[in-house]
Each structure stands twice: as structure tokens, then as C-alpha cells.
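**Student:** The structure is given below, and queries will be raised subsequently.
The values are calculated or read from the model by the stated rules, or taken from the named source; none is laboratory data. Every value quoted in this text rests on a predicted model; they were computed, and no experiment measured them. Heads up, the Cβs are rebuilt from the backbone with ideal geometry, glycines too, and the neighbour counts pull from every protein chain shown. Note: accessible area is taken over every heavy atom of the protein model, side chains too, but ligands, DNA and RNA are not part of it. Shrake-Rupley method; radii C 1.70, N 1.55, O 1.52, S 1.80 Å.
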Amino acid sequence: MSRVYNFSAGPAVLPEEVLEQAREEMSDWHGSGMSVMEMSHRGKEFMSIAEQAEADLRELMAIPASYKVLFLQGGASQQFAMVPMNLLRGKTGADYVNTGAWSKKAISEAKRYGAVNVAATSESSKFTTAPKQAELALRADAAYVHYTPNETIGGVEFPYVPDTGDVPLVADMSSTILSRPVDVSRYGLIYAGAQKNIGPAGLTVVIVREDLVTEDVVAGTPTMLRYATHAAEGSMYNTPPTYGWYLAGLVFQWLKRQGGLAGMAEINRRKAEKLYAAIDASPFYRNPVDPACRSWMNVPFTLANPELDATFLAEAKKAGLVTLKGHRSVGGMRASIYNAMPEAGVQALVDFMADFEKRNG
Ligand SMILES: *Cc1c(COP(=O)(O)O)cnc(C)c1O
């Protein structure tokens with residue numbers, strides 16, 4: 001058994017316990033004589049898996065009964081289009097907060113369907129901070145406000161939930177969902193691609209307030225891209241991503257065993273503090289992000305001498321610490337330390353960094 005510590009931004013590490021359980025259940029799920037992959041999505045076995053996963057997610061996030069939980073495909077990127085198609089509801093436009101690479105993609109897609117007002121942008125800081133509430137130029141007649149609570153590439157996380165009054169707040173939580181408790185009632189819609197903090201790629205979770213699920217969609221919106229279609233059919237209008245849904249359910253049960261999101265938040269805080277402390281303690285390493293907005297999930301850092309980058313990565317890999325290369329747009333390193341990254345993995349990285357500095361500093 002030689003598991004590495006995988007710091008990939010996504011698809012990302014999954015809890016080892018979950019992988020072991022999936023292996024045990026791989027070819028014969030609970031005496032059914034078949035793999036979850038081979039089951040009809042409408043059969044009673046899979047229906048029980050699907051219902052349990054939804055119930056566990058609702059419990060973990062304390063999702064009010066007035067919200068639908070949808071298990072879709074298409075990734076977060078498909079939500080960049082589905083959100084405006086479904087939520088503009090006859091209004092001319094929406095407000096977007098621009099905090100980096102993923103916000104920008106959401107904005108450019110939304111422009112295909114309506115007018116986008118960029119309510120705030122942190123571009124002048126090179127996306128190293130999040131705008132404050134007072135800096136958000138929100139419009140009362142906007143159809144919704146979209147923001148990215150955690151920018152996966154820049155490593156910037158909002159330290160607060162924007163107050164948007166009566167205008168629905170929409171959040172791309174792909175890289176922060178389930179990392180700490182959130183008050184779902186503050187949001188009109190939350191979406192997340194699964195491959196960072198939920199399960200395998202191919203599943204997208206959408207949590208949407210019922211009154212936002214309407215037939216008042218942008219003209220020409222395909223059946224498959226309407227929330228109403230999936231809400232009416234329990235996400236089984238067509239074949240859902242059954243195996244991803246099942247694995248997400250195993251992750252939800254694992255999260256409950258960690259003490260739910262409050263327990264997870266404690267662990268995540270410790271992991272992030274340990275890594276940022278190691279970076280800040282030395283001029284050899286640097287993280288550019290405003291300390292108030294540093295992500296608990298994605299930690300980019302650079303070496304004082306970028307000529308050492310390749311050596312750092314090669315030696316880290318030998319030490320069993322992989323996928324630390326930073327995003328091509330940022331350079332340097334990025335350690336993604338999602339829920340499933342054990343504390344021992346962060347400790348191993350911090351120890352390696354200290355040792356590398358000793359030998360090269
Ligand atoms: C990874 C990511 C995306 C893209 O997700 P896909 O599922 O690949 O479409 C969008 N937004 C954020 C914040 C992400 O981290």
C-alpha cells in the first residue's frame with residue numbers, strides 16, 4: 001500500500017476510508033449481486049442510495065426544506081450558463097463579483113444571456129483579496145448576485161457572506177463546499193462540481209431555493225438545462241451520474257463521522273494555519289494573498305528563487321508529496337488541502353518545506 005499525499009486542485013484526494021469501502025462494495029453492493037455502476041437508477045437499491053445521500057447532505061449542511069438538492073452533470077462550468085438561463089426570469093441582468101479566474105469564466109458565460117454588472121472586482125490587487133461588503137455596487141433590480149466564495153486558482157476566500165438584501169445570492173462553492181458550516185438560507189442557489197470536496201468528477205451538486213425553480217427561463221433553454229426539469233424528476237429526468245452520486249454519499253457519511261461540518265472546520269482551520277504559518281515564518285516561501293482572505297482549501301506559494309521550483313517539485317514527489325505545481329497562470333506551487341487531505345499530509349509537507357529550505361536556503 002503506497003498512497004501518496006495528493007495536493008491536486010481537482011480531481012482531488014478522496015478519503016481513504018471511502019475508497020476502501022467502495023472497493024469492498026465494488027462488485028456486490030449489499031448483497032444485490034451487482035455493482036452500483038450496473039444498477040438501474042430507478043431500481044429500489046439505487047433509489048435508497050440516492051435518497052440516503054441527499055438526506056445526509058441535507059443534514060450536514062442543514063439545508064432548509066424549502067430548497068431542492070439536485071445531482072446533475074456538466075460540472076460547475078455548465079452552471080455558469082444554467083444560472084443565467086434559469087435565474088434571469090425576465091430581468092435584464094445580474095450582478096457579478098469578480099475575484100479571479102473562475103469568476104471571470106462565470107461572467108463571460110453570463111454575458112451571453114443578459115447584461116452583467118461587475119459589482120466589484122479585485123483585479124487591481126491582482127486578485128489577492130476579496131472586495132468588502134461596502135465595495136459591492138449592488139443593484140436592487142438585479143436578477144441575482146453571483147460570487148465565488150473560494151477562488152481555487154488564486155487561493156482567495158471570502159471571509160464573509162455578502163448581504164444582497166432581497167436579491168438572490170448565487171455561489172460557486174466548487175472548492176469550498178462542505179469545508180465548514182454555511183447558512184444555506186443566505187443563498188438563493190449554491191453549486192459545486194464534485195471533484196474537489198464531494199466525490200469523483202462527473203457529478204455537480206446544486207442547492208436551489210424552490211421559488212427560483214421556475215419555467216420562466218431564457219428562450220431556447222434546453223430541457224436538460226432547466227432546474228425545473230431536474231427538480232420535478234428528483235434528478236432522474238435522464239440517467240444521473242449514479243456512481244458519483246453513490247461515492248458522494250459515502251463521503252457524506254465519512255463527513256458525519258468527522259463531526260460534521262463543524263468538526264471538519266476545526267480540522268481544516270488547523271491544517272491551513274499550520275501551512276500558512278510555515279510559509280510566513282520564512283523569507284524562502286511566500287503567499288501573496290491578503291491574510292484576511294486566505295483560502296483554507298487552496299494555498300498557493302512561491303519560492304524566493306523560482307529556479308528551484310523544478311527541484312522542489314521533483315524532491316517533493318520523491319517524498320510522496322505530489323501535484324504541488326501551481327496553476328500555469330500563477331506559477332510557483334499550490335497545495336490544495338481539501339477535507340480529505342489528512343493532517344498528517346499537511347505535516348509532511350511542512351516538514352519537507354523546512355528541510356528543503358535548510359538544504360537550499
Ligand atoms: C474547478 C472549478 C470550476 C470548474 O469546475 P468544472 O466542474 O470542471 O466545470 C468552477 N469554479 C470553481 C470555483 C472551481 O474550483
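**Student:** Can you name the residue in the range 115-131 that is closer than 11 Å to residue 97 by Cα and not β-branched (Val, Ile, Thr) and, of all such residues, is surrounded by the most Cβ atoms within 10 Å (Cβ to Cβ)?
**Tutor:** Looking at the filtered set, the residue picked out is 130.
**Student:** Hey, another quick one. Across the range 179-202, what is the total count of residues that are within 9 Å of the ligand (Cβ to nearest atom) and outside any loop (DSSP other than H, G, I, E, B)?
**Tutor:** Result for the range 179-202: 3.
**Student:** Suppose we filter 329, 295 for residues that are open to solvent by less than 40 Å² (accessible area, probe 1.4 Å), under 20 Å from the mean Cα position of the chain (by Cα) and not assigned by TED's automatic domain parsing to the domain that holds residue 125; which single one remains?
**Tutor:** 295
A quick yes/no check of all residues on (1) in a loop (DSSP other than H, G, I, E, B); (2) hydroxyl-bearing (Ser, Thr, Tyr):
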{"site": "268", "(1), (2)": "no, no"}
{"site": "272", "(1), (2)": "no, no"}
{"site": "282", "(1), (2)": "yes, yes"}
{"site": "296", "(1), (2)": "yes, no"}
{"site": "302", "(1), (2)": "no, yes"}
{"site": "307", "(1), (2)": "no, no"}
{"site": "329", "(1), (2)": "yes, yes"}
{"site": "334", "(1), (2)": "no, no"}
{"site": "338", "(1), (2)": "yes, yes"}
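**Student:** Now for a separate question. With a cut-off of at least 1 residues that are under 16 Å from the mean Cα position of the chain (by Cα) and within 16 Å of the ligand (Cβ to nearest atom), name the helices (runs of 4 or more DSSP H) lying wholly within the range 1-116.
**Tutor:** Once the helices (runs of 4 or more DSSP H) in the range 1-116 are filtered for at least 1 residues that are under 16 Å from the mean Cα position of the chain (by Cα) and within 16 Å of the ligand (Cβ to nearest atom), what remains is 75-87, 101-110.
**Student:** Anything in the range 151-160 that is within 16 Å of the ligand (Cβ to nearest atom) and either not aromatic (Phe, Trp, Tyr) or not assigned by TED's automatic domain parsing to the domain that holds residue 137 (or both)? List them, or say none.
**Tutor:** 151, 152, 153, 154, 155, 156, 157 - these are the residues of the range 151-160 that are within 16 Å of the ligand (Cβ to nearest atom) and either not aromatic (Phe, Trp, Tyr) or not assigned by TED's automatic domain parsing to the domain that holds residue 137 (or both).
**Student:** Please specify each residue of the range 91-114 satisfying the condition of being modelled with pLDDT of 95 or more and under 11 Å from residue 141 (Cβ atoms). I'd like the intermediate steps shown before the answer.
**Tutor:** Start the filter on the range 91-114 by keeping residues that are modelled with pLDDT of 95 or more, which leaves 91, 93-114.
Passing the criteria: 91, 93, 94, 95.
Conditions (1) in contact with a helix residue (DSSP H, G or I) (Cβ under 7 Å, 6 or more places away or on another chain); (2) within 18 Å of residue 8 (Cβ to Cβ); (3) modelled with pLDDT of 95 or more, marked per residue:
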position	(1), (2), (3)
146	yes, no, yes
153	yes, yes, yes
165	no, no, yes
170	yes, no, yes
174	yes, yes, yes
179	yes, yes, yes
194	yes, yes, yes
209	no, no, yes
217	yes, no, yes
